[in-house]
Amino acid sequence: MIGKDGMKEFFTQRIKRGLVRRLNNFKIASLAREVFRKEPQPNGAPVIFFKASTGIDDLSWNSGFHLLVSWAFRLQGIPVVYFACDSGMSHCVLGTNRDNVKKEPPCKSCVYQSRTLYKGANPHWFKFERDKEIERAIQNLSVPELIKFQWKLINKYVVASSERSEWAKQSPSELGIASSQSTLLAMTLPLGELCLPGLRWVLRVHHLNDDESTRYLFREYILSAWNVAQKFDALLVQTQPRAVLVFNGQFFPEAAARFVALKRGLRVITHEVGFQPATAFFTEGQATASPIPMPESFEMNVEQNEKLDVYLAKRFQGDFTMAGIKFWADMQGLDESFLKKAAGFKQIVPVFTNVIFDTSQPHANTVFEDMFDWLDLVLEEIQSHPETLFVIRAHPDELRVRKSSRETVEGWVAARSVDKEPNVIFISPRETLSSYELILRSKFVMVYNSTIGLEAAIMGAAVLCAGKARFTQYPIVFFPQTIGAVRIKMNEFLSADLIDVPLEFKRNARRFLYYQLFKTSLLFGDFLEPSVRTTQSRLKSFTLDELVRAESVQVITNGVLKGGDFLLGK
């Protein structure tokens, strides 16, 4: 129960957030009007910007990236079309109340925020229209059937040249656009699959209950995704864009838009928070999979190695943040009780887990159905190897405020009585034990797709990876491609006197981490800073000329318009 001091602090922070948000919105509106006054006559086909799943009544980091890049494009004479939600979904991901799924989303505050962001522009607003035919088709479907649900979209919105936007009145060939965009196009949309990641994310689970609450939300997401797909496809035909830029592409609004745009042969760029504070990651692939292009010819020089070592020194002490969250505020070493227990075993093997509903997980599940499927196999090997101490570490993000998981490793441990195994130590997400000290004392390391696997490889450890990670595209860890092969490799490592780790693993791990941190993480720290709640951002003071000249903005401009690689030069 919260005491008087706690209540006072709660309301003080709430008032402070509200004041900072209003001041930030005033600054946004002022700059937006300045952009409108200064933007030159647009030239060429537009770029469509769409983000409906990041931020409701505040400026999230990704909303900040979206806004700044669109302003910079407009100031360079690149036409921009904002596809913006005006109560365009019956339920959206961020507006869902998981404890009361039928509660209406906060459309009023969300639309107000969007109108602030797009002050002086002329967004293409879309509203929700319920499709009765699809509604009847899905009314009695189970969750497994809803996952497989598909529906065909036949574009009916081919418009005459006189009705099209100014930049789209040229022929498709004049704009460098495939002519198929201006013709009727039929496509089958996997609506269930498009909605699944967002549904899992908002319910904070991977395994969905087949109950009416889940089915209701799934149905409404499908109807909403269908509405977005139709309206967005109509906009594509009307505007004939050169490219589409969306937030992460995993949640159903952006996933539906990305799907129809790709079907029309358009380039789609997705973005997410980068791997350092106040940075963004842009890619023509799926941002949540982090497809990082690293040429084999890249070798780190002395300056780059020193730069990476400075970062790693802080990281190994727990001094880092991700998306505004500082996980290890007080990292602790291995205590005496841990060391005493470990002394009774032949070897130590840590098992690092992930958050099951995270948007990286759909990309990770290529060998196993999901992380818990892998953990079940690990438990079998734990029971077969009493000489080995297994240290199972839950990810700290499982208990993040306002984002705590409802399907946890801690729950799996309790359900399987894993903590009762004599050769297991379970580290809950509340504990701040140093993973890096643990790695130094380990025979080898097991991960699903956690970044700690990359760091362990840099430390010279043998890493057995069970899920596809952004770093498994390069020789950095051991990544068997079948469940049987994972089991064989695990037993091989457990019984080996010495594990031979190829020298290239450590080299590639360092090269990859440098690329991830200092090449793909596009810098926006001159324009954005953490707000009162660090998961949100606010504008700094800057001139629009400074924004346009910024290296990261020019990298994104080149990437969108000329097919560049979205990498910083240094």
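The values are calculated or read from the model by the stated rules, or taken from the named source; none is laboratory data. Nothing here was measured: the structure is a model prediction, and the numbers come from that model. Glycine gets a Cβ as well: all are built from the backbone with ideal geometry, and neighbour counts include every protein chain shown.
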## Note on the structure
Output for Cβ contacts, cut-off 8 Å, separation at least six or different chains, first residue within 21 Å of Val532 (Cα to Cα) in segment 18-35, second β-branched (Val, Ile, Thr), reads Val20/Val532; Asn25/Thr116; Ile28/Thr116; Ala29/Thr116
### Condition broken by His124, with the remaining ones in (1) in contact with a Ser or Thr (Cβ under 9 Å, 6 or more places away or on another chain); (2) at pLDDT below 95 satisfied
(2)
### Task
Mind listing whichever residues of segment 550-559 are in contact with a Phe, Trp or Tyr (Cβ under 8 Å, 6 or more places away or on another chain) and in a helix (DSSP H, G or I)?
Ser552, Val555, Ile556, Thr557, Gly559
### Task
Would you check if Ala287 is small (Gly, Ala, Ser), in contact (Cβ under 8 Å) with a residue 60 or more places away in the chain and assigned by TED's automatic domain parsing to the domain that holds Val81?
no
### Test result for Pro422, out of contact with any His (no Cβ under 7 Å at 6 or more places or on another chain) and touching a residue at least 60 places away in the same chain (Cβ under 8 Å)
no
### Summary
Out of (1) closer than 25 Å to Leu196 by Cβ; (2) surrounded by fewer than 21 Cβ atoms within 10 Å (Cβ to Cβ); (3) at pLDDT 95 or above, the one Pro362 does not meet is (3)
### Summary
For segment 230-255 the number of residues that are crowded, with 24+ Cβ neighbours inside 10 Å, in a helix (DSSP H, G or I) and small (Gly, Ala, Ser) is 1
### Message
Can you find, within segment 256-278, the residue that is surrounded by the fewest Cβ atoms within 10 Å (Cβ to Cβ) among those that are charged (D, E, K, R) and modelled with pLDDT of 95 or more?
### Response
Arg267
### Query
Which of the residues belonging to segment 448-506 are over 26 Å from the mean Cα position of the chain (by Cα), closer than 20 Å to Leu308 by Cα and small (Gly, Ala, Ser)?
Gly460, Ala461
### Message
Among (1) of a type outside the set (Ser, Thr, Tyr); (2) in contact with a strand residue (DSSP E or B) (Cβ under 8 Å, 6 or more places away or on another chain); (3) surrounded by fewer than 21 Cβ atoms within 10 Å (Cβ to Cβ), there is one condition Phe281 misses while meeting the rest; what is its number?
### Response
(3)
### Summary
Checking Phe320, Phe345, Phe327 in turn, the sole residue that is at pLDDT 90 or above and not β-branched (Val, Ile, Thr) turns out to be Phe345
### Task
Kindly indicate whether Lys489 is modelled with pLDDT under 95 and outside the structural domain of Ser30 (by TED's automatic domain parsing).
no
## Note on the structure
Scanning segment 127-143 residue by residue, those of a type in the set (Asp, Glu) and either within 25 Å of Val111 (Cβ to Cβ) or within 29 Å of the chain's Cα centre (by Cα) (or both) turn out to be Glu129, Asp131, Glu135
### Query
Which of the residues spanning segment 391-408 are of a type in the set (A, V, I, L, M, F, W, C) and at pLDDT below 95?
Ala394, Leu399, Val401
#### Entry: Only one of Ser552, Ser521, Ser541, Ser537 that is in contact with a helix residue (DSSP H, G or I) (Cβ under 7 Å, 6 or more places away or on another chain) and either over 30 Å from Glu369 (Cβ atoms) or outside the structural domain of Asp309 (by TED's automatic domain parsing) (or both)
Ser537
